[in-house]
Amino acid sequence: MKRKASYFKIFLLGFGFFGLSILWSLYNSDIPIMLKNVYSMSYTASGWVMNLDNILAITLIPLVGFWSDHLWTRIGRRMPFIISTLPIGGLLFALVPWIPLWLGTSATSLAAFILVLFFVNICMGISRSPIIALMPDLVPPEERSPANGVINFMGGFGSLLVYFVVGKISTTNRPLGFAIAGASVLVAAVIMFLSIKETRDSLDRKAPQSEHADFSLLRRMWTPKYRSLLLICLAIFFWFIAFNAIETYYPTYMHAESPAVRDLITRFGTAIPTDAAQIAQLDKARQASEASAKFNLGVFSLAFMLLSIPAGFIGKRLGRKTTILIGLAGVIIMVLLLAFGIATTAGLTIFVMGGLSWALVNINSLPTVLDMGNLEMVGALTGIYYFFSQAASIVSPPLVGRIADLAGGTMSVMFPYAGIFFVLAAVCMLFMRPEDKPAVSSDNGPAV
């Protein structure tokens, strides 16, 4: 008899996404600000520091995904990676804001700051792929979009807490904000470990078949037979280039270039005043603008969260390709409106539309990739998905940072930049054929 998905188990698995989303949302919004304000880094340099997680993830996530497909222990194939690294990453993340408080802004402080970030990213990179792969391990293929909606609902709730609560705390008290995020990761790891037993709950409890999962898939993707798999992965690459720029630099843009901040800089005649009253006034405006940016991203995350579960069922009903294209049209409209400055009069509406549209895209993307293979390849295909999404995150921060520096130090360039890459993603999706399943088999046996 065909097993059905246990949505209660999927909800509990969602706590992993909840913890990760809190940590990464705070990481992406606050680390660039700390690099800029505490260590006086250029946008280009801070973009490369922000790339630490992406550079590590592009190797760690696929490697651990492939490796976990081959592994089977008393606690399963994914859980050993999760429980051994996720708690350590949470503890290290809580230490990050203390480094400039203890060591000041010296070169030693910066080196220690980057070193701790490096180890945080190693821990998160190792744990991320197994957490993602647990969903298709527990859920039959036809239920993956709705299940992905449930866990992304939990992830969206985590991001929401950052933008509306934890982010506001962190704006005025960085150590407390980071401590809350680190504790959330610890709690998430405990909940997953206690509630999910892979040896009981996994759909595929056979010994792993090593010939079904190796790095040859990355090579074979570039052959004509794998055209549809390559196109969906290129679409993922392009839309994450666009999204990463907005998520990473929108709070920084508002902190430095919001209308209120620009007005004060124009009035004072400098962005670095020496008068104490002017410094206090400018700092207050920057904090308010940063808080406003986080609120807008919170609205985006709320809209994403509210549609995440329905988006899975919409993808199941309309087809994932059609649903993704509708979502891409929505986010393209969002960034065009932001580029023309309409956010000043209709900001919340724009971010609501953007969050709803992004849910249609994001919820259905991983299941589309997983449809190209079978249960024995879940870790491998999850690794491929994250290879392309993290490759985008490697390219985007320094690229948009460099463009901003060349444009005179203005981060407003990120809006047309994002629009271009969202359009490229839509073009790839138009030519992708979801009925192609090249990774399931080949002329000589398993393709992967």
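A short reminder: the numbers here are calculations on the coordinates, not readings from a lab. From a predicted model like this one, the values you see are computed outputs, not experimental measurements. Virtual Cβ from ideal backbone geometry, glycine too; neighbours counted across all protein chains shown.
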What does the charge add up to near Ile33, with Lys and Arg as +1, Asp and Glu as -1, over the other residues with Cβ less than 11 Å from its Cβ? +2
Using the Karplus curve 6.51 cos²θ - 1.76 cosθ + 1.60 with θ = phi - 60°, what ³J(HN,Hα) values do you get for each residue of segment 61-68, in whole Hz, with x for Gly and Pro? 5, x, 4, 5, x, 4, 4, 5
Counting Lys and Arg as +1 and Asp and Glu as -1, each charge on the Cβ, what is the dipole of the chain about the Cα centre in debye, to the nearest 20? 740
Amide proton proximity set for Asp371, modelled H, under 5 Å, gap of 5+: none
Over all directions, average the projected area of the Cα convex hull of segment 1-145 and note it in nm². 10.2
In degrees, nearest ten, helix 7-37 long axis to first principal axis of the chain (Cα): 30
Highest average packing first - 322-329, 384-391, 73-80, Cβ atoms within 10 Å: 384-391, 322-329, 73-80
Expressed as a whole percent, how much of the Cα-Cα distance distribution for the chain exceeds 30 Å? 41
Calculated from backbone phi, Karplus (6.51, -1.76, 1.60) coupling profile of segment 326-338 in Hz, x at Gly/Pro: 4, x, 4, 4, x, 6, 5, 4, 4, 6, 5, 5, 5
In a Gaussian network model over the chain where Cα atoms closer than 10 Å are linked, find which of Gly401, Gly19, Gly319 has the largest mean-square fluctuation. Gly319
Under the rule of -39500 (n - 2.57) per DSSP H run of 4 or more residues, summed and divided by the residues of the chain, what mean residue ellipticity at 222 nm is obtained, to the nearest 500 deg cm²/dmol? -26500 deg cm²/dmol
Using the number of other C-beta atoms within 10 angstrom as an exposure proxy, rank Cys428, Cys123, Cys233 with the fewest first. Cys428, Cys123, Cys233
Applying the Karplus parametrisation 6.51 cos²θ - 1.76 cosθ + 1.60 with θ = phi - 60° to the phi angles of segment 162-176, what ³J(HN,Hα) value in whole Hz is obtained for each residue in order, glycine and proline being reported as x? 5, 6, 9, 10, 4, x, 5, 4, 5, 4, 9, 8, 4, x, 5
